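Step one of this worksheet: look at the structure below.
Please treat every number below as a calculation from the coordinates, not as lab data. A quick note: this is a predicted structure, and the numbers were derived from the prediction, not measured. Quick reminder, even Gly has a Cβ in these numbers, built from the backbone with ideal geometry, and neighbours come from all protein chains shown.
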Amino acid sequence: MPREQVTITKERYEELLKFERVLAALEQAGVDNWEGYGEATQTLEDEDLDISDNVNNILLNMSGGLLPENLSKEEINILKKAFGKNWFTYLGYTEDKYKKPKIGD
């Protein structure tokens, strides 16, 4: 099965490489043994699950007829976090009949 790919800017790629090096250095220094490390990583995992559930709920509502222009600011921000600032196009709303929400842009 082919690996899924994403496209990012070179600037963002270099930023991620830097963060990866910083994390590796921190872990090598023993940060994973520091008090609070487990709590912090669990918080991230919990946030990821919450976002995933929220995204799934929004997409389910949209497949049931909820139009993009009726999304709340919070729902728009969740979709932006999941799919990027071009979430509207990413999700296939390219036809003129769909109105991009004015909130959160």
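Miscellaneous remarks
- For the residue pairs Lys10/Lys73; Lys18/Lys102; Lys10/Lys100; Lys80/Lys100; Lys10/Lys97, the alpha carbons lie more than 24 Å apart in Lys10/Lys73; Lys18/Lys102; Lys10/Lys100; Lys10/Lys97.
- Calculated from the structure at hand, Rg/Rh (Cα atoms, Kirkwood Rh) is found among (1) 1.08; (2) 1.15; (3) 1.01 as (1).
- Across the chain, Cα pairs under 8 Å and at least six residues apart give a relative contact order of 21 percent.
- Cα-projected label distance for Glu35 with Glu69, points at 7 Å along beta-carbon direction, nm: 5.6 nm
- Rounded to the nearest 0.05, the FRET efficiency derived from the C-beta distance between Glu15 and Leu49 at R0 = 22 Å is 0.30.
- With the simple model of a label 7 Å out from the Cα in the direction of the Cβ, Glu27 to Glu4 spans 2.1 nm.
- Global geometry of region 1-60, whether rounded, prolate or oblate, following the gyration tensor of its Cα atoms and the 1.5 cut on a/c: oblate
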